[in-house]
Amino acid sequence: MKKRLAVAGLAVAAFVFAACREAAAPASSGSLTPSFDVGGGQSGMSLHPSGFGEHSLAAWKAKEGLPDNHGKADHALYFQKFTETPTFAAGVAIVDGLEGLPATALTILSWEHRNDGWCGAGAPRWNIGLTDASGGFGIAFLGCNAAAHIAGSAPDWTKDSWNVQAEIAAAIVLYGLDAGTTTIRGLAIVFDEGTDVPANPGFVYLDNIIVNSTRWTSPADNSK
């Protein structure tokens, strides 16, 4: 089972980081097929949910989450994969705006997950794409189950956070990258473990998603 999860996870990661960002359709469109182009970095950050493959998606859902920064819709970011793990499919959310920055620029990653959803070893997880001056490429994987867990901001929610720089440093060593020239190629949240994993209901709700000083509670929080 662990080998199957690893192979599927690497395949999805390679697809997600074939280019740096997703030009996602609005969540209401129902589109499950992402399109990618190469991002050159932005002054602000934005988060774009979508997905690919059968029965898999990510989308903002109203009345499912914690209080929003703007308005009273109480959004949560919903991920699902209602099929088996080896199926090439995932719910994905791409964070734009970090591309080309030094790997040391990314210091804080966290979210809150609703406790009725899945928090597994490989999903939901952060994928941090890394590259160096020689063109080498690697990915730091930060799985939900490996996070530090504390009580969330409301009952039935848990806050998950990671030692981001330690995880990046480990990936740099693993992939043989040059630490002095390693930059961020892309950042994504990926949900690709399926319902064949024992106890996995095939979905999770995330909220209060934090990247450095930016916090997403709804689609309205994208930097302008």
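If Phe141 satisfies every condition in (1) open to solvent by 30 Å² or more (accessible area, probe 1.4 Å); (2) in contact (Cβ under 8 Å) with a residue 24 or more places away in the chain; (3) over 25 Å from Gly97 (Cα atoms); (4) in contact with a Lys or Arg (Cβ under 7 Å, 6 or more places away or on another chain) but one, which is the exception?
(3)
Residue check, Ser134 against (1) more than 18 Å from Leu66 (Cβ to Cβ); (2) within 18 Å of the chain's Cα centre (by Cα), all met but one. Which one?
With respect to (1) more than 18 Å from Leu66 (Cβ to Cβ); (2) within 18 Å of the chain's Cα centre (by Cα), Ser134 is out only on (2).
Hey, among the residues in the range 134-173 that are assigned to a loop (DSSP other than H, G, I, E, B) and small (Gly, Ala, Ser), which one's farthest from Tyr205 (Cα to Cα)?
Checking each candidate, the answer is Ser134.
Pairs please, first residue from the range 150-172 and open to solvent by less than 40 Å² (accessible area, probe 1.4 Å), second anywhere and in a helix (DSSP H, G or I), Cβ atoms under 6 Å, 6+ apart in sequence or on different chains.
From residues that are open to solvent by less than 40 Å² (accessible area, probe 1.4 Å), the pairs are Asp160/Cys144; Ile168/Ala103.
Residues being part of a strand (DSSP E or B), touching a helix residue (DSSP H, G or I) at 6+ places or on another chain (Cβ under 9 Å) and among the hydrophobic types (A, V, I, L, M, F, W, C): count how many of those fall in the range 174-208.
Here the count works out to 4.
What's the number of the only condition in (1) within 19 Å of Val211 (Cβ to Cβ); (2) in contact with a Ser or Thr (Cβ under 8 Å, 6 or more places away or on another chain); (3) hydrophobic (A, V, I, L, M, F, W, C) that Ala73 fails to meet?
(1)
The values are calculated or read from the model by the stated rules, or taken from the named source; none is laboratory data. If you're wondering where the values come from, they're calculated on a predicted model, not measured in any experiment. Cβ atoms come from the backbone with ideal geometry, glycine included; neighbour counts cover every protein chain shown. These accessible areas exclude ligands, DNA and RNA; they are computed on the full protein's heavy atoms, side chains included. Shrake-Rupley method; radii C 1.70, N 1.55, O 1.52, S 1.80 Å.
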